[in-house]
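See structure below.
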Amino acid sequence: MSYPAIQVDCPSLKIILAISKSMPQGLTFESILNLFLEDILLSYPFENLVNERLIYFKDGKWFASKRGRLLSIFFSNYRR
């Protein structure tokens, strides 16, 4: 009922691993932010949603497909 963690990097784990590897000097906040490239955080989920036909792009905007809307209704009700 949640996004499979194995499909993408876990942000918390990625941060702690990076900080551990940088010891003893540590990391700046900017260095930590650089760990999370836009293509890793956004491209994969968008690609996955498009491939599953849950969203689509039209006239410069993203829309939920009928399947996507049904899935969002299901999860909204489930999480209540």
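The values are calculated or read from the model by the stated rules, or taken from the named source; none is laboratory data. Remember, it's a predicted structure, so these values are computed and weren't measured experimentally. Calculation scope for accessible area: heavy atoms of the full protein, side chains included, ligands and nucleic acids excluded. Shrake-Rupley method; radii C 1.70, N 1.55, O 1.52, S 1.80 Å.
Things to note:
- Here Glu47 fulfils each of the conditions (1) part of a loop (DSSP other than H, G, I, E, B); (2) among the acidic types (Asp, Glu); (3) modelled with pLDDT of 70 or more apart from (1).
- Apart from one condition, Ser20 fits all of (1) modelled with pLDDT of 90 or more; (2) open to solvent by 80 Å² or more (accessible area, probe 1.4 Å); (3) more than 19 Å from the chain's Cα centre (by Cα); the exception is (2).
- Number of the condition not met by Tyr3 [criteria: (1) at pLDDT below 90; (2) among the aromatic types (Phe, Trp, Tyr); (3) outside any loop (DSSP other than H, G, I, E, B)]: (3)
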